[in-house]
Amino acid sequence: MSRSEQAELLRQEYARRREENTREETRRQREIVEKLPEVAQLAAQRQEMIYSGVRGILSRKTADTALPERMREYNRRIERLLEENGYPADYLSPVFRCPICRDTGYAGEPIREECECFRRELSRRMLAEMGLREQTEQSFETFREDMLPEDVTVEPAKGQHMSQRALTGFIRDHCMRWVDSYPNQEQTTLLLMGESGLGKTFLLHAMAKRFLEKGADAVLTSAQRLQEEARKSYFGREESSYALLLAAPVLLVDDLGSEAQLSNVTQVFLYELVNERQSRRLTTAFSTNLNEEELRARYTERVASRLTDRRNSLALTLLGEDLRRR
Ligand SMILES: [Zn+2]
């Protein structure tokens, strides 16, 4: 399901929640009428005051300046009586879970935006759908620099030496900044290279999470699944989500190179995907165990150059020792 589909479902849930809230408000009012008629009467008078205040404004085009103070006085009396009778002071106040959006899912003036509560819930569901529920600890916030070896020296560029920890931290910062610059990224493609066990998948998941938290319509998939969907779409016999993946505003592809090699199908679909997405300036991130040379050998020169060309792509290479072996 895409973000917009998930969002639509969630909007429907919010609408149902608002209906429940209204039912609960009505139930409480009836309860108070029955059990505390004195409070119910005060509430009715307060309501009448609001109506007459509004009518006054409409007929005289002026506001009753004493009204707010009288309202506050009524509120205080109602709250006190409720508490004295063992009810919460706000028992007759509007019912909602989120005080910011009052369960509308939208907040902000003058520009209405998705409320924080809505975005958070949507991002949780998107992550769950991507199978990231168990891995939500894979985020930039939980990235443990001290888990990375400081005593392993790597050489990211000729003559340039640094520890694995320093290089990985540097790449982590790059990844984070790249996500944060969305949707105005200079390079819309990010290629995360490096042998297995260096933290590529962790960083890719962390990026996916951060994109979702920003409210971006991000999809995380594996190269294997991507190829499977492309194949189904080419042969047109089965339902395929390839078109959705091709057009996703943000697509993150894990483990490029691990998919089965199907004659030249892989090369063709990958070229199409990268080409199409780059020309439409859609954001795409890949992780791969392959280096540039291996990318060329496996996917042809034109695919590899699209993936590593500095104008369109931010290519980062992790180096060091397998973290799982330490
Ligand atoms: Zn809210």
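The values are calculated or read from the model by the stated rules, or taken from the named source; none is laboratory data. Source: prediction; values computed, not measured. A quick note on method: Cβ atoms are made from the backbone with ideal geometry, for glycine too, and the neighbour counts reach across all protein chains shown.
Looking at R125, R133, R77 in this structure, which one is at pLDDT below 90, surrounded by 13 or more Cβ atoms within 10 Å (Cβ to Cβ) and either away from the ligand (no atom under 16 Å from the Cβ) or closer than 30 Å to R324 by Cα (or both)?
Numbers: R133 fails: surrounded by 13 or more Cβ atoms within 10 Å (Cβ to Cβ); R77 fails: at pLDDT below 90.
Testing whether each residue is at pLDDT below 90, surrounded by 13 or more Cβ atoms within 10 Å (Cβ to Cβ) and either away from the ligand (no atom under 16 Å from the Cβ) or closer than 30 Å to R324 by Cα (or both) leaves just R125.
When segment 50-91 is filtered for residues that are farther than 24 Å from N21 by Cα and aliphatic (A, V, I, L, M), the ones remaining, listed by number, are V54, I57, L58, A63, A66, L67. Residues considered: T284, T288. Of these, the only one that is modelled with pLDDT of 95 or more and either within 21 Å of the chain's Cα centre (by Cα) or loosely packed, with under 15 Cβ neighbours inside 10 Å (or both) is T284. Return yes when Q267 is modelled with pLDDT under 90 and surrounded by fewer than 16 Cβ atoms within 10 Å (Cβ to Cβ) and no when it is not. Criteria not met by Q267.
Residues R324, R311: which one is assigned to a loop (DSSP other than H, G, I, E, B) and loosely packed, with under 14 Cβ neighbours inside 10 Å? Before you say what the answer is, go through the steps one by one.
On the way: R324 fails: assigned to a loop (DSSP other than H, G, I, E, B).
It is R311.
Before we move on, is T201 among the β-branched types (V, I, T), in contact (Cβ under 8 Å) with a residue 24 or more places away in the chain and either outside the structural domain of A285 (by TED's automatic domain parsing) or away from the ligand (no atom under 16 Å from the Cβ) (or both)? When the stated conditions are applied, T201 passes them.
Go through the residues of segment 19-34 one by one and say whether even a single one is charged (D, E, K, R), at pLDDT 95 or above and closer than 29 Å to D217 by Cα. So far as segment 19-34 goes, yes, one or more of its residues are charged (D, E, K, R), at pLDDT 95 or above and closer than 29 Å to D217 by Cα.
The criterion of at least 1 residues that are under 19 Å from F286 (Cα atoms) and hydrophobic (A, V, I, L, M, F, W, C) is met by the following strands (runs of 3 or more DSSP E) wholly inside segment 153-199: 189-193.
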